[in-house]
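Input: a single structure, listed below in structure tokens.
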Amino acid sequence: RKEVEQDPGPFNVPEGATVAFNCTYSNSASQSFFWYRQDCRKEPKLLMSVYSSGNEDGRFTAQLNRASQYISLLIRDSKLSDSATYLCVVDTGGYQKVTFGTGTKLQVIP
Amino acid sequence: DVKVTQSSRYLVKRTGEKVFLECVQDMDHENMFWYRQDPGLGLRLIYFSYDVKMKEKGDIPEGYSVSREKKERFSLILESASTNQTSMYLCASSTPKSNQPQHFGDGTRLSIL
């Protein structure tokens, strides 16, 4: 089993739709979880951290399910500008070493 | 805002050359990382450093070395470049505090001919 797994997509959704991505991780001792966004040919940028109780930032909601070892990202009222690849990131060792998922591609269609 | 600066956005080198990629961060971060990103494989850790002059191998260190002489600067060295090292190289930094994310530079798109 891969350390971090994501559905590569693409997810093609119309503007205004709600879309959710899941990401599973294998290390039950992981403590830090993040979602990054990466635009084509650009660097990954932090979208949000994921906290145990779940957290929200505007149209974005992140959840953590430790029992089933997955995190999720929900995007409400999708915008064209949300089109990007979303990377799930999980810590896997000391010194803030992390493992990146290969990403889920989202395409928001007019 | 954290600023991580990589020396080149695009670089073209020849097989067998020694290649230096430079990364500088301005946030006094202890941890610095070098990744490469290839289609379908995601980001893979090459080397990281948690302090000046300290370095640790990541998942794919073969063919690479690193140098961290100053806290703000972390260099990646391709000892003898090969075509399979053509890739996007990304530098990141972070603090050692828990639950702190890594911050990335713009990336260097390196082509080895």
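Where a number appears in this text, it was derived from the coordinates with a stated rule and is not lab data. These figures come from a predicted structure and were not determined experimentally. Note that each Cβ is placed from the backbone with ideal geometry, even for glycine, and that neighbours are counted across all protein chains shown.
A few remarks follow.
- Chain A - share of DSSP beta bridges that are antiparallel (%, nearest 5): 90
- Averaging Cα coordinates gives a centre for the stretch B:1-30 and one for the stretch A:30-64; these two points are 25 Å apart.
- Pairs exceeding a 25 Å alpha-carbon distance, out of B:Lys13/B:Lys53; A:Lys45/B:Lys13; B:Lys3/B:Lys55; A:Lys2/B:Lys18; A:Lys2/B:Lys53; A:Lys42/A:Lys105: B:Lys13/B:Lys53; A:Lys45/B:Lys13; A:Lys2/B:Lys18; A:Lys2/B:Lys53.
- Cut-off 9 Å between beta-carbons: net charge of the residues surrounding B:Ala81, Lys and Arg +1, Asp and Glu -1: +1
- Chain A: most fluctuating residue of A:Arg37, A:Arg59, A:Arg76 per GNM, C-alpha cutoff 10 Å: A:Arg59
- Charge tally around A:Ser83: other residues with Cβ under 15 Å, Lys/Arg +1 each, Asp/Glu -1 each, net +3.
- Three-way shape call for the stretch B:1-45 based on the alpha-carbon gyration tensor, with the a/c threshold at 1.5: oblate
- Highest-MSF residue in chain A out of A:Val13, A:Val89, A:Val50 [GNM, Cα springs under 10 Å]: A:Val13
- At an R0 of 45 angstrom, the distance between the Cβ atoms of A:Tyr51 and B:Thr15 translates into a FRET efficiency of 0.45.
- Relative contact order (%) - criterion: Cα under 8 Å, at least six apart; region: chain B: 36
- For the stretch A:27-110: rounded, prolate or oblate by the Cα gyration tensor [a/c cutoff 1.5]: oblate
- Shape call, the stretch B:66-106: gyration tensor on alpha carbons, a/c limit 1.5: oblate
- Simple spin-label estimate for A:Thr18 and B:Asp26 gives 4.1 nm between the two label positions (7 Å along the Cα-to-Cβ direction from each Cα).
- The Cβ shell under 12 Å around B:Tyr35 holds other residues with a net charge of 0, Lys and Arg each +1, Asp and Glu each -1.
- Placing pseudo-labels 7 Å out from each Cα toward the beta carbon at B:Glu69 and A:Ala67 gives an inter-label distance of 5.6 nm.
- Computed from the Cβ-Cβ distance with R0 of 45 Å, the FRET efficiency linking B:Asp51 to A:Arg76 stands at 0.60.
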